[in-house]
Amino acid sequence: MKAGVVIFPGSNCDRDTYWVLSKVLGAETRYLWHDDTQIDDLDLVVLPGGFSYGDYLRTGAFARFSPIMKAVADFAKNGGIVLGICNGFQILLEAGLLEGAMIPNKSLRFICDWVRIRVERNDTPFTANAKIGDVLKIPIAHFEGNYFAPKEILSKVEKNHLVVFRYCTENGDITEDANPNGSLNNIAGIANEQGNILGMMPHPERASEAILGSEDGKVIFESIAKYIKQKRG
Amino acid sequence: MRYNIRIAVERKKGVADPEGKTIFEALGRLGYEKVESVRVAKLFDVVINAQDENEAKSVAEEISERVLSNPVIETFTILSISETGDGGNE
């Protein structure tokens, strides 16, 4: 698997993501700058967390106009795998590559904490190694992770089973108490219709080694690697 | 000509506004019982150099739609357009 990690001005999870892809997974990985446009050789592009362009105006509002985002849109159109984590998810929403939008957390607090998310689908490249109903322990760290979509878009998202992860209790129950930020329907991560783009607020790259308190995030990267290996035959 | 343009961007009805809600609740605690609701919006003062007011307005609408607002959750309103005096509003 050949992976690229995009660095926008203000990204700050690029090195963690690079570490997991290259050292933990052993994938050939390189950094991509926000004005790079040559990414055709890659299998996976990750938009990492951080505060691109200072989160000014809206989270992801300026990053979406970076030259690389045009390349990422083309890459995805051709079936490339795109993973947006936290700020990366916000950028994918602003770019219209995923449905919906982010608004500030219900509590108006920046939340940095462990959460549990339930796997809702395992027919995506991101979750093929997981089972539906699996509960993953992965941390969140965001101020704007309150997923919102107008009624008609939300019902489309649900009807087409675009929700990949929902915030849940340790037992996997979807409750209001388990929802850290007010996201509609406890949504923590969604895919596009084709299933090759995933945006998620929790940080799997911060939970891919036992020393960090959880290895549950690794299943996402391993699933992608397996999918790409199979795709190549 | 140079035009001062004031643009407001606000969340659509039905989109949660945690900041407005917090302000509203604080006002309630301060005893302002007559205040029935608070919504927070953004205000932009933009100077646009254009042939005429129509062109300035159309540039303002384009940037409002494409950059200043996220049409999924927000709407924008051009509140005012006026020719700048000397030096504009900067």
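Could you give the size of the charge dipole of chain B about its Cα centre, using +1 on the Cβ of each K and R and -1 on the Cβ of each D and E, expressed in debye and rounded to the nearest 20? Write down the numbers at each step before the final one.
Numbers: 12 positive and 17 negative charges, 103 e Å.
Magnitude of the dipole: close to 500 debye.
Take every DSSP beta bridge whose two residues both sit in the protein assembly as shown, then give the antiparallel share in percent to the nearest 5.
Values: 41 of 58 bridges.
Beta bridges within the protein assembly as shown, antiparallel portion: roughly 70 percent.
Please say if region B:2-83 is rounded, prolate or oblate, where rounded means a/c under 1.5 for a ≥ b ≥ c the square roots of the C-alpha gyration tensor eigenvalues, and otherwise the choice is prolate for a/b larger than b/c and oblate otherwise?
prolate
Report, in deg cm²/dmol and to the nearest 500, the calculated mean residue ellipticity at 222 nm for chain B, where each DSSP H run with n ≥ 4 adds -39500 (n - 2.57) and the sum is divided by the residue count. Could you put the intermediate results ahead of the total?
Working: 2 runs with 23 residues, N = 90.
The per-residue figure over chain B is -8000 deg cm²/dmol.
Convert each backbone phi in region B:46-58 into a coupling constant with the Karplus relation 6.51 cos²θ - 1.76 cosθ + 1.60 (shift: θ = phi - 60°), then list the ³J(HN,Hα) values in order as whole Hz, x for Gly and Pro.
10, 9, 10, 9, 8, 4, 8, 5, 4, 5, 4, 5, 5
Going by a ≥ b ≥ c, the root eigenvalues of the Cα gyration tensor, does region A:2-232 fall in the rounded group (a/c under 1.5), the prolate group (a/b larger than b/c) or the oblate group? It would help to have the intermediate numbers written out before the result.
On the way: a/c = 1.33, a/b = 1.16, b/c = 1.15.
It comes out rounded by the Cα gyration axes.
Could you give the length gained on full extension between residue A:159 and residue A:70, defined as 0.36 nm per residue of separation minus the Cα-Cα distance, in nm?
Values: separation 89, 0.36 × 89 = 32.04 nm, distance 2.84 nm.
Residue separation times 0.36 nm, minus the Cα-Cα distance, leaves 29.2 nm.
What is the magnitude of the charge dipole of the protein assembly as shown about its Cα centre, with +1 placed on the Cβ of each Lys and Arg, -1 on the Cβ of each Asp and Glu, and no other charges, expressed in debye to the nearest 20?
On the way: 37 positive and 46 negative charges, 174 e Å.
Once rounded to the nearest 20, the dipole reads 840 debye.
Ranking request for peptides A:184-190, B:1-7: highest mean number of other beta-carbon atoms within 10 Å first, then the rest in descending order. Intermediate results must be reported in sequence, preceding the final value.
On the way: A:184-190: 24.4, B:1-7: 18.6.
By packing density, highest mean first, the sequence is A:184-190, B:1-7.
Would you mind classifying region A:165-219 by shape? Square roots of the alpha carbon gyration tensor eigenvalues, ordered a ≥ b ≥ c; an a/c under 1.5 is rounded, otherwise it is prolate if a/b is larger than b/c and oblate if not.
Values: a/c = 2.24, a/b = 1.11, b/c = 2.01.
Note, shape of region A:165-219 comes out oblate.
Could you tally the net charge around residue A:115, taking each other residue with its Cβ under 13 Å from the Cβ of residue A:115, Lys/Arg +1 and Asp/Glu -1? Intermediate values should be presented prior to the final figure.
Details: positive: A:116, A:118, A:137, A:166, A:206; negative: A:113, A:170, A:177, A:216.
Taking every other residue near residue A:115 into account, the sum is +1.
Can you give me the Cα centroid spacing of region A:1-53 and region A:191-223 in angstrom?
Cα centroid to Cα centroid, the span is 14 Å.
For region A:1-51, run through the chymotrypsin sites (Phe, Trp or Tyr not before Pro) and keep only the ones in DSSP coil with at most 14 other Cβ atoms within 10 Å of their Cβ.
Working: sites: A:18, A:19, A:31, A:33, A:51; in loops: A:51.
Here no loop site has a sparse enough neighbourhood.
Which value in nm describes the separation of the simple spin-label points at residue A:175 and residue A:24, placed 7 Å from the Cα toward the beta carbon?
2.8 nm
May I ask you to sort A:167, B:32 by Cβ crowding, counting other Cβ atoms within 10 Å and putting the fewest first? Walk me through the numbers on the way to the answer.
Details: A:167 27, B:32 12.
The fewest-first ordering by Cβ neighbours comes to B:32, A:167.
Can you tell me the orientation of helix B:18-29 relative to chain B, as the angle in degrees between its alpha-carbon axis and the longest Cα principal axis, to the nearest 10?
50 degrees
Residues of A:103-111, mean number of Cβ from any other protein chain within 10 Å of their own Cβ, rounded to a whole number? Let's see the in-between values first.
Details: counts 9, 5, 1, 4, 2, 4, 1, 0, 0.
Average per residue, whole number: 3.
When the Cα centres of region A:70-116 and region B:24-39 are compared, how far apart do they sit, in Å?
34 Å
Any of A:131/A:151; A:156/B:42; A:2/A:226; A:137/B:21; A:151/B:57 with alpha carbons more than 22 Å apart? Name them for me. Spell out each step's value before the answer.
Values: A:131/A:151 29 Å; A:156/B:42 29 Å; A:2/A:226 12 Å; A:137/B:21 31 Å; A:151/B:57 31 Å.
Pairs exceeding 22 Å: A:131/A:151; A:156/B:42; A:137/B:21; A:151/B:57.
Per DSSP H run of n ≥ 4, the term is -39500 (n - 2.57); total these for chain A, divide by its residue number, and report the mean residue ellipticity at 222 nm rounded to 500 deg cm²/dmol.
Working: 5 runs with 49 residues, N = 233.
Result for chain A, helices only: -6000 deg cm²/dmol.
Just checking the output field for B:69-76: average partner chain Cβ neighbours within 10 Å of each residue's Cβ? Mind dumping the intermediate values first?
Working: counts 3, 11, 2, 11, 9, 3, 0, 0.
For this peptide, the per-residue mean of nearby foreign Cβ atoms is 5.
Just to confirm the filter: which trypsin sites (Lys or Arg not before Pro) across region A:1-95 are DSSP coil and have at most 12 other Cβ within 10 angstrom of their Cβ?
Working: sites: A:2, A:15, A:23, A:30, A:58, A:64, A:70, A:77; in loops: A:58.
Here no loop site has a sparse enough neighbourhood.
Read the figures in this text as sums done on the coordinates, not as results from a lab. Please read these numbers as outputs of a predicted model, since none were measured by experiment. Heads up, the Cβs are rebuilt from the backbone with ideal geometry, glycines too, and the neighbour counts pull from every protein chain shown.
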